[in-house]
Amino acid sequence: YTVMWTGDNSGSLDWIRWHIPTVTGSGLSAQNGATGDVEGIYGGDEITYVRDLQWKCFTPFMMIIDNWSDHEKKPFSYGDPYTTHNRAALKLKSRLMPYLYTYAWESHMTGVPVQRALVFEFPEDPNTWTEVGPDAKTTHQFMSGESFLVAPVFEDTDTWSVYLPDGAWTDFASGGVYDGGQTITGYDVSDFKLPVLVKEGSIIPMYPEAYYENRVQRRPRDPLQVDVYPQSTEATEFTLFEDDGLTYQFRENQFNKTRFTSDAVTEPGTIRLTVDGGMEGDGYEGMPQERNYHFTVHSDRKPTTVTWASAPDAMNPLREIADTDGLQESVEGWSYDPEMGGVI
């Protein structure tokens, strides 16, 4: 009973429109693993493939059924530019695995799905209550975990509309910041851009890109990138769950939890990040014995100093490096990039 499959459907953009509330609604019934074939089992075209694959990369499950249609349905079947867009979506899916896997663990423990209706996360917002008609603002949007608001595109168009609940929201692709409590119209979705907004306060762990070596897929877990969107009103946290990804040994406490906290409130003008790397669990087979971290902290101001400490009384200044390329070649340090709205 792991996955609920939506059947032998013929793919189209309108088919995507129907599937978004279908999968979201299944989640409201505690069915975490609902999905349908990418681009359908029949029909479809190159635009449907890209648009369908994109939003499903923010869900826990997706599948491709090939050789049932009059054309192949592999991510590279249509050639470029579609192959490039599909590759980007799949690489992002791979990088987001620690985030999505943590919420899959939560679903296993509680029944709360990964793909969530906005009414589930924002029940106090009346704009999330209506499913059909002119007042239905969020029927075709969903939350992936608590951080990502995804608004899949299901028309052949260059602009889209997205409703944002209260709060500050950062565009995951551009870094632009929007105030919530409004509908954003004219959102640019040309060249297969996908509307994905990140809620203020989010902490998103990501693995390095997977790659192939000697025809074997490698999925490195080090360094861990932690994408942080500090909240101005309260401290926030995210507890990462990891196990071997293969067995049921997590039932025997063979897992590890790492807690990240972001606090931009306690000390004005300071963003404090904390990491508790062995918060819970006995570890698991294949677990990194030590780990490097690459934090990306969204801030419209360049910091004067950046320090790290293994204990409160052992502050160590990090060296400022001119640009991100130089930072990648250094063991430790920091840089500030004014692009993407500003990132430390």
Of those in the range 27-52 that are open to solvent by less than 20 Å² (accessible area, probe 1.4 Å) and closer than 15 Å to residue 115 by Cβ, the residue modelled with the highest pLDDT is 52
Of the candidates 333, 277, the one satisfying the condition of being touching a helix residue (DSSP H, G or I) at 6+ places or on another chain (Cβ under 9 Å) and free of Cβ contacts under 8 Å to residues at least 40 places away in the same chain is 333
Going through the range 238-263 in order, the residues found to be open to solvent by 30 Å² or more (accessible area, probe 1.4 Å) and in a loop (DSSP other than H, G, I, E, B) are 244, 245, 246, 247, 248, 253, 254
Restricted to the range 300-321 and to residues being in a loop (DSSP other than H, G, I, E, B), open to solvent by 50 Å² or more (accessible area, probe 1.4 Å) and modelled with pLDDT of 90 or more, the residue nearest to residue 176 (Cα to Cα) is 300
Output for Cβ contacts, cut-off 8 Å, separation at least six or different chains, first residue touching a residue at least 40 places away in the same chain (Cβ under 8 Å) and on the phi > 0 side of the Ramachandran plot in the range 50-69, second open to solvent by 50 Å² or more (accessible area, probe 1.4 Å) and of a type outside the set (Phe, Trp, Tyr), reads none
Checked 24, 59, 84 against criteria (in a helix (DSSP H, G or I), open to solvent by less than 30 Å² (accessible area, probe 1.4 Å) and either touching a His at 6+ places or on another chain (Cβ under 6 Å) or not aromatic (Phe, Trp, Tyr) (or both)); the one match is 24
Checking 39, 106 in turn, the sole residue that is touching a Ser or Thr at 6+ places or on another chain (Cβ under 6 Å) and of a type outside the set (Gly, Ala, Ser) turns out to be 39
Filter the range 120-133 for residues that are under 20 Å from the mean Cα position of the chain (by Cα) and within 19 Å of residue 184 (Cβ to Cβ); the one that is surrounded by the fewest Cβ atoms within 10 Å (Cβ to Cβ) is 121
Taking the range 329-344 and the residues there that are of a type in the set (A, V, I, L, M) and open to solvent by less than 50 Å² (accessible area, probe 1.4 Å), the one that is nearest to residue 317 (Cα to Cα) would be 344
The lone condition residue 136 fails out of (1) under 23 Å from residue 226 (Cα atoms); (2) surrounded by fewer than 19 Cβ atoms within 10 Å (Cβ to Cβ) is (1)
Of the residues in the range 215-237, those that are part of a strand (DSSP E or B), touching a residue at least 60 places away in the same chain (Cβ under 8 Å) and open to solvent by less than 30 Å² (accessible area, probe 1.4 Å) come to 224, 226, 227, 228
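The values are calculated or read from the model by the stated rules, or taken from the named source; none is laboratory data. This is a predicted model, so every value here is computed, not measured. Note: ideal-geometry Cβ built from the backbone for every residue, glycine included; neighbour counts use all protein chains shown. Areas reflect the complete protein model, heavy atoms only, side chains present, ligands, DNA and RNA absent. Shrake-Rupley method; radii C 1.70, N 1.55, O 1.52, S 1.80 Å.
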